[in-house]
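Below is one structure, written out as structure tokens; comments come after it.
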Amino acid sequence: MPKSRILNFEFRISNCKWILPIVIFTVLLTLFSIRYPLQAQSPSPTSALQKAQDDYKFQLSKYSDLHDRYLTTRSNFLQFKTATAKNDAYLKTKDYLIQVDNIYISYLYLASENANAIDFDKAKRPKDKIIALLKNQTDFIKQNQQNISSATDLQGLVDNASQLKSEISTSLTPQMNFIFASMNVAESTAMYQDFINISSLLDQQVTNSQKSSILVNWSSEIADIKQKTGDIESTAQARLDSQNGNDFNQGYLSQTSNLIDQVGTQLARAKILFNEAVRLFF
Amino acid sequence: MADNQFQPMEQDILSEENLETGSGQKRTPANISPKPKLPKPSPKEITMRAVNAIVRIKKPKLITLAIIGATILIAYFALLALSVNKTYQMRFPNTNTTPIKSVIPSPKPQSEQAKQVDKFNSELENWIPYEKRIPIPSPDLEITF
């Protein structure tokens with residue numbers, strides 16, 4: 001190779017040494033541009049219910065931290081009895097009580113999102129009453145939070161905590177019991193509707209088949225489940241409709257839960273029959 | 001003066017054209033003199049030239065950068081090949097690449113009724129009463145000083 005050409009080549013290379021960093025940068029950019037859009041295009045879909053659950057968990061974790069701080073400042077105040085310790089106790093108790101209200105607010109939001117996830121139309125149950133009760137409770141807690149924020153001394157906070165405790169046992173707990181019972185009944189009714197739909201669908205197929213003796217027994221079992229579950233559902237709904245939610249104690253909730261358990265037992269019988277029908281006729 | 005300078009060249013061209021037309025002979029492949037062929041560089045020669053060019057680069061910075069660039073490119077293509085392989089496996093988890101036919105018959109596709117029954121069964125099995133699913137919180141409200 002002539003020396004002049006080699007020199008020329010060297011000259012070119014040395015003049016274009018800025019090209020290599022650009023090439024490397026381009027390669028890296030390509031590498032990341034391939035990876036990054038894949039992540040950006042598939043964000044994990046977060047439902048409102050999932051959001052509510054996450055928020056509630058977050059508030060609970062924050063609560064435990066603030067509770068520890070409240071206990072520490074309380075013991076300091078009780079030990080030293082100084083104005084500084086009292087002020088510190090006041091501030092930490094205030095933070096703690098505000099966080100308690102935050103827990104209830106996020107909890108009521110979680111309950112309302114759970115209610116929204118139920119198909120009340122299929123269950124033929126009213127949803128408005130549950131939502132109204134949850135809203136009233138949320139409003140009360142928010143008002144209590146404002147009262148705590150405006151409390152100027154430690155005694156004011158103590159009074160507020162006592163008021164909140166009383167409200168929770170006399171109003172929030174019975175209303176939540178009623179809401180739980182309503183949601184349980186709504187979900188079990190929706191499942192009962194599913195049972196009716198599937199059984200009628202399978203019944204058509206079973207009737208067309210030639211296995212007549214099995215067919216008779218299968219149909220009679222399904223009819224029995226339908227009747228028994230329907231009766232239990234009616235009892236549970238009547239019990240709920242006779243209550244307004246303000247005095248729905250733990251006993252009422254247990255009674256409704258027992259009825260729902262009975263619905264579950266009946267529908268579990270249907271599960272076996274459905275599996276059998278699918279195995280035999282499809 | 002300028003006209004005088006270009007005169008010999010023009011004369012040459014004209015004489016060439018006259019020669020061609022004057023003779024009256026058509027240009028046949030036999031008449032056309034073969035074009036001078038450039039020697040075809042062999043792959044060995046090209047490789048040698050490339051190696052020589054690299055060896056003659058005096059600056060170590062340039063060599064390092066070139067090596068880094070080449071490494072990145074190799075790693076990139078290797079990763080790309082791996083990811084393509086994985087995607088293929090994920091998309092077709094049951095794909096059998098061997099031509100041997102399976103003796104086990106493929107499962108029957110689930111009917112609509114069977115799907116509904118499965119959904120109903122799973123809902124029934126996983127059902128939990130709401131008082132257990134979202135129990136009422138019980139924070140410490142015994143605030144005394």
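At a glance:
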item: Helices (runs of 4 or more DSSP H) within the range A:95-197 that include 2 or more residues crowded, with 20+ Cβ neighbours inside 10 Å and within 19 Å of the chain's Cα centre (by Cα); result: A:128-150
item: Close pairs from the range A:87-107: first in contact (Cβ under 8 Å) with a residue 24 or more places away in the chain and within 20 Å of A:LEU133 (Cβ to Cβ), partner open to solvent by 40 Å² or more (accessible area, probe 1.4 Å) and in a helix (DSSP H, G or I), Cβ under 6 Å, at least 6 apart; result: A:SER106/A:ASP55
item: A:PHE248 among the hydrophobic types (A, V, I, L, M, F, W, C), under 21 Å from A:GLN175 (Cα atoms) and surrounded by 13 or more Cβ atoms within 10 Å (Cβ to Cβ); result: yes
item: Among the candidates A:ASN244, A:ASN258, residue that is closer than 23 Å to B:ILE134 by Cβ, outside any helix (DSSP H, G or I) and more than 9 Å from chain B (Cβ to nearest Cβ); result: A:ASN244
item: Test: residue in the range A:209-231 that is β-branched (Val, Ile, Thr), in contact (Cβ under 8 Å) with a residue 60 or more places away in the chain and more than 13 Å from chain B (Cβ to nearest Cβ); result: yes
item: Qualifying residues in the range B:50-66 (those that are under 27 Å from the mean Cα position of the chain (by Cα) and either open to solvent by 100 Å² or more (accessible area, probe 1.4 Å) or more than 7 Å from chain A (Cβ to nearest Cβ) (or both)) - the one modelled with the highest pLDDT; result: B:THR64
item: Top-ranked residue of the range A:260-272 - restricted to ones that are touching a residue at least 60 places away in the same chain (Cβ under 8 Å) and among the hydrophobic types (A, V, I, L, M, F, W, C), ranked as farthest from A:SER169 (Cα to Cα); result: A:ALA270
item: Condition check for A:GLU221: among the charged types (D, E, K, R) and crowded, with 17+ Cβ neighbours inside 10 Å; result: no
item: Unmet requirement for A:ALA151, which otherwise passes all of (1) within 11 Å of chain B (Cβ to nearest Cβ); (2) touching an Asp or Glu at 6+ places or on another chain (Cβ under 9 Å); (3) of a type outside the set (S, T, N, Q); result: (1)
item: Matching residues in the range B:95-113 - criterion: being modelled with pLDDT of 55 or more and more than 8 Å from chain A (Cβ to nearest Cβ); result: B:LYS108, B:PRO109, B:GLN110, B:GLU112
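Residues are listed down the side, and each one gets a yes or a no for (1) within 12 Å of chain A (Cβ to nearest Cβ); (2) over 30 Å from A:GLN204 (Cα atoms); (3) modelled with pLDDT of 90 or more; (4) under 39 Å from the mean Cα position of the chain (by Cα):
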| position | (1), (2), (3), (4) |
| --- | --- |
| B:ILE68 | yes, yes, no, yes |
| B:TYR88 | no, yes, no, yes |
| B:PRO93 | no, yes, no, yes |
| B:LYS115 | yes, no, no, no |
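The values are calculated or read from the model by the stated rules, or taken from the named source; none is laboratory data. Just so we're clear, the structure is a prediction, and the values are computed from it rather than from any experiment. Glycine gets a Cβ as well: all are built from the backbone with ideal geometry, and neighbour counts include every protein chain shown. Note: accessible area is taken over every heavy atom of the protein model, side chains too, but ligands, DNA and RNA are not part of it. Shrake-Rupley method; radii C 1.70, N 1.55, O 1.52, S 1.80 Å.
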